[in-house]
1. Could the peptides B:490-496, A:370-376, B:505-511, B:92-98 be put in order, highest first, of the mean number of other beta-carbon atoms found within 10 Å of their residues?
2. Taking Cα centroids, how far is the stretch B:449-479 from the stretch A:31-92 in Å?
3. What nm distances, shortest first, do you get from the label point of residue B:358 to those in the other copies when the point sits 7 angstrom along Cα to Cβ?
4. Just tell me how shielded A:494-503 is by partners: mean number of partner chain Cβ atoms within 10 Å of each residue's Cβ, no decimals.
5. If the only charges are +1 at each Lys and Arg Cβ and -1 at each Asp and Glu Cβ, what is the size of the charge dipole of the protein assembly as shown around the Cα centre, to the nearest 20 debye?
6. For the stretch B:160-256, state what percent of all Cα-Cα pairs lands in each successive 10 Å bin, counting from 0 Å until the bin that includes the largest distance.
7. Give me the net charge for the shell around residue A:381: Cβ to Cβ below 11 angstrom, other residues only, Lys and Arg +1, Asp and Glu -1.
8. Between the alpha-carbon centers of the stretch B:206-224 and the stretch A:204-243, tell me the distance in whole angstrom.
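The values are calculated or read from the model by the stated rules, or taken from the named source; none is laboratory data. A quick note: this is a predicted structure, and the numbers were derived from the prediction, not measured. Here the Cβ positions follow ideal geometry from the backbone for every residue, glycine too, while neighbour counts run over all protein chains shown. For the accessible areas, the whole protein counts, side chains as well, though only heavy atoms, and no ligand, DNA or RNA atoms are used. Shrake-Rupley method; radii C 1.70, N 1.55, O 1.52, S 1.80 Å.
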There are 2 protein chains.
Amino acid sequence: MADVDHGAQRPLANGKARIDFQTAPENYRHWKLGIDGDVATLTMDVDEKAPLFEGYELKLNSYDLGVDIELADALERLRFEHPQARVVVLRSGKPRVFSAGANIRMLAGASHAHKVNFCKFTNETRNGIEDLSKHSGVKSICAINGTAAGGGYELALATDHIMLVDDGSASVSLPELPLLAVLPGTGGLTRVSDKRKVRRDHADVFCTTEEGVKGKRAVEWRLVDDVVPGSKFDETVAGRAKEFAAQSRRSGAPTGIKLTPLTRNFSADGVDYDSLSVEFARAGRIAAVTLRGPAAPPPVSVDAMVALGAEFWLLKLARELDDAILHIRFNELDVAAIVFKSSGDPAQVLAYDAFLDANKEHWLAREIRLLWKRVLKRVDLTSRSLVTLIEPGSCFAGTLAELPFASDRSYMLVGLRDGDNKPPAVLALSGANFGAYPMSNGLTRLACRFLANPADLDAAKAEAGNMLDAEMAQKLGLITFALDDIDWGDEVRVFLEERASFSPDGLTGLEANLRFAGPETMESKIFARLTAWQNWIFQRPNAIGDEGALKRYGTGQKPVFDTRRV
Amino acid sequence: MADVDHGAQRPLANGKARIDFQTAPENYRHWKLGIDGDVATLTMDVDEKAPLFEGYELKLNSYDLGVDIELADALERLRFEHPQARVVVLRSGKPRVFSAGANIRMLAGASHAHKVNFCKFTNETRNGIEDLSKHSGVKSICAINGTAAGGGYELALATDHIMLVDDGSASVSLPELPLLAVLPGTGGLTRVSDKRKVRRDHADVFCTTEEGVKGKRAVEWRLVDDVVPGSKFDETVAGRAKEFAAQSRRSGAPTGIKLTPLTRNFSADGVDYDSLSVEFARAGRIAAVTLRGPAAPPPVSVDAMVALGAEFWLLKLARELDDAILHIRFNELDVAAIVFKSSGDPAQVLAYDAFLDANKEHWLAREIRLLWKRVLKRVDLTSRSLVTLIEPGSCFAGTLAELPFASDRSYMLVGLRDGDNKPPAVLALSGANFGAYPMSNGLTRLACRFLANPADLDAAKAEAGNMLDAEMAQKLGLITFALDDIDWGDEVRVFLEERASFSPDGLTGLEANLRFAGPETMESKIFARLTAWQNWIFQRPNAIGDEGALKRYGTGQKPVFDTRRV
């Protein structure tokens, strides 16, 4: 199998053929996850000799995607494997440096696509830290023992409480603009403005000061919560962690479940998981993602669910879908459209939703729903055209029905196909479609869909639990087109061909605007305002040109700018 | 005087040296403003032989910046010269075509900077149409007699009510993506999603269908409000206009005031207006904008204000500031920082604010405040670093104090200067700082500044009317730095030099993020999410490369795209 086009403009280190999002603590090179009673500690100690790509070293706790994949994995372990944890402390394993942020040489040598994908993933991981605090009750503390620059400080910004050692040199900074002519790419500006509510002129000074801010001023300007003398730092951090743990409402069980490795089989034209398959139709630039319904009814009790662990169907499917989406994003850049399909018994899917709903106060049921929420947000933010085909034998019900609602459009077959013995296509709603899975703008996908007429939302809700045929689904506004077998083939083919013929960039911008009607949240602002500006700047010669700041960083030569303000 | 760098990559037509934002109805080439009782009609009848730049013709009511400058002017006339108007009907002077939108050849040949500036200005004009309806009570109707494509339909989207003739061919469309690989640049996507609340999948179909939507489907999908048979179109539009006029709460006087031409004197290094001067320090890439306080106390009555008309100081100054900002934006691309200064008696400025406040129900007082609101928003959205220097003899009080609050940072001199007999610098607040001038995010600049501690807003309010010295202004958090004469020169010089040394693009993105903390509105979404994505796409080879869609449009050659999705 040929190397995939991971688009990073560099070979992967260690001869790997693709970027892999699966890892486990025993394989970590950069992070340590420690658990001591109800206090978890995530220690960043980046192995500078273990970059994801060839061509750079990860000095001073700087990071690349490989480092962040471990962090994302550790946060999932914290949720599922360590339900007893009630607080997590992020700290550095290196003396006098917390983190130098995203590795500059990696960025300077990376393709535009990789930079954009990298920032999106790191943003999703940091949003996950906030979600962990808000929805799972695991508060986070960042203990900054030295320099926290750029992405290093942005990691701190994602936590609830930032503690900075007061040793005359430890500082926080966002030096991206003065140093590299780009923006902090992991939510820094938005969190400075909207989370920490730093006064705008202070933020302006902070973000244009290469050396950052330290000591008392860092507290006065709301950039950190505490400065603590070095001699008392560890003790104060430990005390604060205990305090937060005591306030946590996480009811966690003493033991969790094991996130066992996913079963995956990569072939030239696809990936097979247990409950999901990806097939690439490369000539048409299509990835078909087929989700399979459960093979068995839901377990009889929460204990049985815990015993199933990672084999519990809805958990396994969420992890597989997440991995598949990330694989397509990073390793299959040429895919224009993701086509969601499904097969299985919609009634069984509704039964699983009902099971989770009946046990929603149980820690594992909660974590599974939160995982689905995050995976579905990952789908929303995937810059490929999304379409769902609802065909005979499919099971887009409840949680799985979020996929047509997350899609740019959906097609549903009316009636049966000639010579096909599968049952006619149905769509079914469950309570999960009305609250469990809000988008980044804070609305459920159906509420966002029906912004014009909230009564349509009520009408849909009244049909929850019913198997809706194509005519009914269309009448309720749940699908875009209901087509009979005569029209289906041509309509779908023309749509997919057309989609592949449009400008990929134009589609990205179009979809980023049309998918998120309604209110904005800090999270949606990060992915809209900040990301869009960052993407723009990542294209500008002042950053990436031969005389631009990213290219010239570390060469001793000053960048040369086109001085015209745009 | 040499031609300015208007950055459009084309010579201006008719040998003009700069883009001029001043015009008057007697000079219009493209629009007619008609008034019939309380119904105003704006007829678009673009003179294809009168483009702003050389090299293209404005066929089919397509437009360039020159056309939009006339529209913006006409809307101001409607506010100030025709207070009796209670509704405005936008229509076309050409048969079977409303407008083909922004001229594609103009766009294809324009520099990135001009495209960005052009879209920003046209957005501001369309927001002005909505402001006219919401705050001045002049409802707007768009009567579409044929094709309304791209920017043509976006103009319609800015009105309250869209009427489409039903003749089997008239349609509305946003063909930018399929045709040109760019986004609708004038708020189209945001207004489709957030104003008209078109369902997301319908919006997806609409925005990818070159020929657009017509007839009944256009109403069903909420793209237009009415479709009307051709034989009844004029009559129905006229009836609707009468209906809206009858509902208007505009109390308008029978006669308005005349917006007389601004007194301007352009020299090599600046522009002099009556109440404002611009000085360019080109080596430092600085534009110093000095606002002068009133020469006389406010008039004794509203009648006296009306008699003064465009000579009324606060009105004149707003018009001059608006013109100066637009001149810098479009004609002085190399300016890195705008430095606001002022001279005059702050007590007199407060007296003018008090006068407007006492008469805030009067139509002219209201329009003057609304104009200031729009001009200050224009300042917020100007992609140059903004700094205010509050020095002895200055008059940053009330309305003028919005400039330091709109600035990225401000410096205030403590005490006097050696050998200077001017009174020490003061800053003063009025009621106008607490509600009259909301930003595009819906917050006042002070509320946005004090998001972290609303109590700080109350503390500032308690000081309204007082002359605040530098220490007090700093204590209240109203300025960034209070400096004495010893530090002033170096600090300000270093700041301005540093600002000129940074990447212009990086600063644009930084400021666009830090200036708008807090909530989002449709307006702020247009300038953040949509504009930022559009700017990104305007840089991508798929749009502007030699094989890109914008470059190849009309050549008969298909664009060639880099198919990797980013």
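1. Details: B:490-496: 14.3, A:370-376: 21.0, B:505-511: 26.9, B:92-98: 18.1.
Top of the packing list down: B:505-511, A:370-376, B:92-98, B:490-496.
2. Each part's Cα centre sits 43 Å from the other's.
3. 7.5
4. Values: counts 0, 2, 0, 0, 4, 1, 2, 5, 8, 17.
Going residue by residue through A:494-503 and averaging, the value is 4.
5. On the way: 138 positive and 154 negative charges, 85 e Å.
About 400 debye.
6. 14, 38, 29, 15, 4
7. Numbers: positive: A:120, A:329, A:374, A:377, A:378, A:384, A:515; negative: A:124, A:380, A:511, A:523.
Spelling it out: positives minus negatives among the neighbours equals +3.
8. When both Cα centres are located, 55 Å separates them.
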